[in-house]
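Notes follow once the structure below has been shown.
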Amino acid sequence: QVQLVESGGGLVQAGDSLRLSCAASGLTFSSYRMAWFRQAPGKEREFVATIRRSGANIYYADSVKGRFTISRDNAKNTVSLQMNSLKPEDTAFYYCAAKTGDYSYSDYRRYDYWGQGTQVTVSS
């Protein structure tokens with residue numbers, strides 16, 4: 001079956017960096033657009049970044065633009081999120097997701113597969 005497994009979360013201070021990774025199995029990874037979403041307690045799941053099958057067509061939420069970088073390695077079936085200059089408002093559970101097609105890439109309801117998530121906590 002399809003599995004997406006995130007890793008790399010943790011507790012850091014404001015201004016620090018973290019790198020999240022997501023390892024995919026059970027699907028033809030290169031056929032899927034991949035994305036990162038996050039969810040803070042009491043809030044709706046929020047789009048963070050997405051990358052197309054080929055590694056092109058990368059989009060970011062305005063709140064992370066210039067600080068976060070999404071990348072993928074189709075040979076290793078992995079997608080990563082490099083997070084720099086972290087802020088306390090970046091604190092959330094971060095999820096990796098996969099979908100076919102390129103439409104509605106920021107709508108979490110359009111994604112087919114999800115990982116279990118990894119916690120990122122940024123202290124001030």
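The values are calculated or read from the model by the stated rules, or taken from the named source; none is laboratory data. Computed from a prediction, not measured in an experiment: that's the story for all the values here. Note that each Cβ is placed from the backbone with ideal geometry, even for glycine, and that neighbours are counted across all protein chains shown. Surface accessibility is based on the protein's heavy atoms, side chains included, excluding ligands, DNA and RNA. Shrake-Rupley method; radii C 1.70, N 1.55, O 1.52, S 1.80 Å.
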May I ask you to derive the relative contact order of the range 4-71, considering only C-alpha pairs under 8 Å and at least 6 residues apart, and to give it as an integer percent?
-> 21 percent
Under 1.5 on a/c is rounded, so check that first for the chain, then, if it is not, pick prolate when a/b is larger than b/c and oblate when it is not; a ≥ b ≥ c are the square roots of the alpha carbon gyration tensor eigenvalues.
-> prolate
Rounded to 5, percent antiparallel among DSSP beta bridges of the range 6-124 = 90 percent
Selected from 86, 20, 11 as most flexible by GNM, with the chain as the system and alpha-carbon contacts under 10 Å = 11
Candidate lysines - alpha carbon under 19 Å from residue 76, same-chain residues fewer than 8 apart omitted | 99
Amide H neighbours of residue 117 under 5 Å, at least 5 residues apart or on other chains, H built in the peptide plane: list them.
-> 6, 96
Give the peptides 27-37, 103-113 in descending order of average Cβ contacts within 10 Å, highest first.
-> 27-37, 103-113
Summed residue charge, Cβ within 15 Å of residue 117's Cβ, Lys/Arg positive, Asp/Glu negative | -1
Considering only protein heavy atoms and a 1.4 Å probe, what is the carbon-and-sulfur percentage of the accessible area of the range 64-109?
-> 47 percent
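What is the chain's relative contact order, in percent, from Cα pairs under 8 angstrom and six or more apart in sequence?
Averaging sequence separation for qualifying contacts and normalising by length gives 35 percent for the chain.
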May I ask you to list the chymotrypsin sites (Phe, Trp or Tyr not before Pro) in the range 53-94 that are in a DSSP loop and have at most 12 other Cβ atoms within 10 Å of their Cβ?
-> none
Picking from 14, 49, 97, which is most flexible by a Gaussian network model of the chain using Cα springs under 10 Å?
-> 14
Solvent-accessible area per residue, Å², over the chain with all protein chains present [probe radius 1.4 Å] = 50 Å²
